[in-house]
Amino acid sequence: MKDNARGMRGSWVTLLVAGSLLAGCSAQTDDGASRQSGPPSARTSPSAGATPSDGSSAAASVFTPDASLVPRTSKDGRRLAESVVLAPRDWGQGFVAQDPGESTPGTWAVLNESCRWQRETLPHGVLASASRYSRLPAGAGKGAVEVTAVATVHASALGADEQLSTTLEEVLRCPEQRPRSDERITGLMSLGTPFGARGQEYGDDYVVEAGDYVGSGGAAQPYRWMVARLGTVVVAVSVTGAKGNTAQELEQLGSKALAQMLTRIEQRLKEK
């Protein structure tokens, strides 16, 4: 990472800890797909005494933002989300935009009752959400890698924390999900790690999902979805590989991207 990332209270390498722990929380089914064999680890939620408007909580936090800089309007939320979410060039050399390259403003992704992902209008309490979709074309004996970066700005830390809770619950409700009609994500398992647990010091809360992605007529490929909260802001990345891409490579790519977005949040919300 670049020098300006040193403000993070932890290295991107520590983000891999949660990913590796998933291996200890899974069991193999007869068809080889992984499934969670126990409940996610305990999480820390902000108490009722938290001050939602300034992004603080009664629990220990990795970062205390300047209250005057925390977004309170949709316009400010959009400005922050769009400055934090990664563009293709931020992922590394060779990455280009997918088609479409970004989400429709004023919407966010929702997992419906049929375990299908769809975009819906932002609910009350969510100021803004921005997603950008990039890919690294196939080459050098490896298949294409497709990635997504998301930044969502909430009106309160409690609302942002609820998004992390929902993320954990969705895997239990839908271990198989459909991002599109011809795509499936299978064998999903998740692990939540609050600030301070297992050396997690890069975000107020963190959730990682792991599973297999299956496209139209293709073989199963590793899939990772990593989500972190810092105050009122939730950032997430998804990484889907193809032939020749190892799970470790995908975890490293996603972890570095997530750390980069967390660093941007700190840079934009710290006291001048």
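Considering only residues that are surrounded by fewer than 24 Cβ atoms within 10 Å (Cβ to Cβ) and either of a type in the set (Phe, Trp, Tyr) or modelled with pLDDT of 90 or more (or both), which ones fall in segment 241-256?
252, 253, 256
The set of residues in segment 193-224 that are in a strand (DSSP E or B) and modelled with pLDDT under 85 comprises 193, 194. Taken together, 241, 159 contain a single residue that is farther than 21 Å from residue 79 by Cα and of a type outside the set (A, V, I, L, M), which is 241.
The condition of being surrounded by 14 or more Cβ atoms within 10 Å (Cβ to Cβ), more than 24 Å from residue 86 (Cα to Cα) and in contact (Cβ under 8 Å) with a residue 12 or more places away in the chain does not hold for residue 153. If you check 192, 215, 254 for being small (Gly, Ala, Ser), under 17 Å from the mean Cα position of the chain (by Cα) and farther than 19 Å from residue 169 by Cβ, only one passes: 254. Cβ separations smaller than 7 Å between residues 6+ apart or across chains give the following pairs from segment 86-108 residues that are over 14 Å from residue 237 (Cβ atoms) to residues that are of a type in the set (Val, Ile, Thr) and part of a strand (DSSP E or B): 106/121; 107/121; 108/126; 108/152.
Within segment 243-253, can one find any residue that is among the hydrophobic types (A, V, I, L, M, F, W, C) and over 19 Å from residue 150 (Cβ atoms)? Yes, the conditions are met somewhere in segment 243-253. Is it fair to say residue 143 is small (Gly, Ala, Ser), more than 18 Å from residue 236 (Cβ to Cβ) and touching a residue at least 24 places away in the same chain (Cβ under 8 Å)? For residue 143, the condition - small (Gly, Ala, Ser), more than 18 Å from residue 236 (Cβ to Cβ) and touching a residue at least 24 places away in the same chain (Cβ under 8 Å) - is met.
Only one of the numbered conditions (1) assigned to a strand (DSSP E or B); (2) out of contact with any strand residue (DSSP E or B) (no Cβ under 8 Å at 6 or more places or on another chain) is not met by residue 249, and that is (1).
The values are calculated or read from the model by the stated rules, or taken from the named source; none is laboratory data. Predicted model only: the values in this text are computed from it and were never measured. No Cβ is skipped: glycine too gets one built from the backbone with ideal geometry, and neighbour counts run over all protein chains shown.
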